[in-house]
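The values are calculated or read from the model by the stated rules, or taken from the named source; none is laboratory data. Keep in mind the model is a prediction, meaning the values are calculated, not measured. Ideal geometry is used to build each Cβ from the backbone, glycine not excepted, and the neighbour counts take in all protein chains shown. Note: accessible area is taken over every heavy atom of the protein model, side chains too, but ligands, DNA and RNA are not part of it. Shrake-Rupley method; radii C 1.70, N 1.55, O 1.52, S 1.80 Å.
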Amino acid sequence: MKADQPPLPRILVLASGSGTNLQALIDASRERDFPGQICAVGSNRPNAFALERAAQAHIETFVVDHQKYDSREEFDGALMAEIRRHNPDLLVLAGFMRILTTDFVRAFRGRLLNIHPSLLPKYTGLNTHQRALDAGDTQHGVSVHFVTEELDGGPVIAQAEVSIAPDDTAETLAERVQEKEHILYPIVVRWFCEGRIQLGTDYVLFDGELLNSPMRLPDN
Ligand SMILES: Nc1nc2c(c(=O)[nH]1)N[C@@H](CN(C=O)c1ccc(C(=O)N[C@@H](CCC(=O)O)C(=O)O)cc1)CN2
Ligand SMILES: NCC(=O)N[C@@H]1O[C@H](COP(=O)([O-])[O-])[C@@H](O)[C@H]1O
């Protein structure tokens with residue numbers, strides 16, 4: 001970074017599992033023109049492989065183990081305190097599997113993103129791939145949204161579609177959805193760091209204009 005340049009926006013990633021989305025963000029952040037830096041990676045699970053990925057990328061890590069707290073509020077309070085130590089400009093949930101309290105969401109409102117494996121508003125919550133298969137859907141996909149108190153109900157910024165094949169299983173579908181996730185998330189995080197997306201009351205502004213429908217990743 002040249003001496004006269006302001007520091008890049010600080011991105012803190014929270015993950016609970018394998019961390020393939022984290023890896024996609026790490027890889028993207030290594031591009032010369034990426035407008036952000038991953039300052040830390042946190043997890044609620046001490047054995048999350050995402051922590052190993054961060055360590056291998058020489059990114060600071062921390063664990064706030066939800067099993068050590070008697071309530072969701074106490075866990076979120078400890079998590080908030082640890083997050084604040086890193087002074088992030090953006091919080092990215094990348095397979096973070098804890099429902100966050102209203103206090104937490106309000107503390108980071110407008111700088112808290114999540115990636116969800118469905119075409120929201122369809123299939124909020126868990127087990128989205130099997131639910132799409134069971135419903136006989138032919139189209140599925142992934143959404144990146146601002147996080148609000150309502151679980152997976154925050155304004156959607158961008159989506160990518162995945163066609164469902166007749167012989168798809170939840171596992172084969174998840175694999176193709178994740179391929180799209182790894183492309184979409186870095187794009188949206190880049191937009192945020194460039195100041196191109198903002199959260200309104202219950203809408204998204206993109207380049208200062210109301211986003212009437214989610215940005216769509218081109219099919220290719
Ligand atoms: N207040 C909000 N919290 C979270 C949101 C959100 O939009 N608002 N998004 C989720 C991410 N997510 C789906 O994208 C999700 C994560 C976890 C769960 C869930 O039911 N978790 C259980 C525990 C499950 C487990 O530990 O394996 C729980 O917290 O009791 C649903 C949806 C992140 N948080
Ligand atoms: N409801 C939240 C949820 O299901 N998130 C999903 O968890 C996976 C994490 O994978 P990763 O750890 O390899 O990035 C991703 O597919 C993400 O969409």
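Return a whole-number percent for the relative contact order of the chain, with Cα pairs under 8 Å and 6 or more residues apart as the contact set. Walk me through the numbers before you get to the answer.
Numbers: 405 pairs, mean separation 38.5, N = 220.
18 percent.
Convert 37 °C to kelvin, take the viscosity as 0.692 mPa s, use the Kirkwood radius over C-alpha pairs of segment 1-116 as Rh, and evaluate the Stokes-Einstein diffusion coefficient in µm²/s, rounded to a whole number. Each step should come with its number before you reach the end.
Values: Rh = 14.5 Å.
Here the translational diffusion coefficient equals 227 µm²/s.
If amide H atoms are built 1.01 Å from N in the plane of the peptide, which residues on other chains or at least 5 residues away come under 5 Å of the amide H of residue 158?
The answer is 144, 215.
With no solvent and one equal point scatterer per Cα, compute the Debye intensity ratio I(q)/I(0) for segment 10-217 at 0.09, 0.11, 0.14, 0.18 Å⁻¹ and report its log10, rounded to two decimals.
-0.33, -0.49, -0.82, -1.35
What order do 134, 76 take when sorted by accessible area (1.4 Å probe), most exposed first?
Result, largest first: 134, 76.
With only alpha-carbon pairs counted, each pair once and no self-pairs, how large is the Kirkwood hydrodynamic radius of segment 114-220 in angstroms?
14.1
So what is the relative contact order of segment 1-92, in percent, for Cα pairs below 8 Å that sit 6 or more residues apart? Working shown, then result.
Working: 140 pairs, mean separation 31.7, N = 92.
Answer for segment 1-92 is 34 percent.
Helix-only mean residue ellipticity at 222 nm, the chain, DSSP H runs n ≥ 4 weighted -39,500 (n - 2.57), per residue, nearest 500. What is it?
Working: 6 runs with 69 residues, N = 220.
After summing the helix terms and dividing by the residues of the chain, the value is -9500 deg cm²/dmol.
Sort 213, 43 by accessible area with a 1.4 Å probe, largest first. Provide the component values of the computation, followed by the final result.
Working: 213 75, 43 0 Å².
Highest to lowest solvent-accessible surface, that is 213, 43.
With θ set to phi - 60°, apply the Karplus curve 6.51 cos²θ - 1.76 cosθ + 1.60 along segment 202-217 and write out the HN-Hα couplings as whole Hz, x wherever there is a Gly or Pro.
9, 8, 10, 9, 10, 6, x, 9, 4, 8, 6, 8, x, 4, 10, 6
Could you give me the ³J(HN,Hα) list for segment 78-85, computed from phi with Karplus coefficients 6.51, -1.76, 1.60 and θ = phi - 60°, whole Hz, x at Gly and Pro?
Taking θ as phi minus 60°, the curve returns 5, 5, 4, 4, 5, 4, 4, 4 Hz for segment 78-85.
Sorted by accessible area with a 1.4 angstrom probe, largest first, how do 69, 123 fall? Mind dumping the intermediate values first?
Working: 69 80, 123 40 Å².
Solvent-accessible surface, decreasing: 69, 123.
How much accessible area per residue does segment 1-157 have, counting only protein heavy atoms and a probe of 1.4 Å, in square angstrom?
Working: 7640 Å² over 157 residues.
With the other protein chains kept in place, segment 1-157 gives 49 Å² per residue.
Grab the beta carbon distance between residue 102 and residue 32, set R0 = 35 Å, and tell me the FRET efficiency rounded to 0.05. Kindly include the intermediate steps, with their values, before the conclusion.
Working: r = 39 Å, r/R0 = 1.13.
Efficiency at R0 = 35 Å is approximately 0.35.
Per the 1.4 Å probe, what fraction of the accessible area of the chain, in percent, lies on carbon and sulfur atoms? Walk me through the numbers on the way to the answer.
Numbers: 5390 of 11160 Å².
Accessible surface attributable to carbon and sulfur in the chain totals 48 percent.
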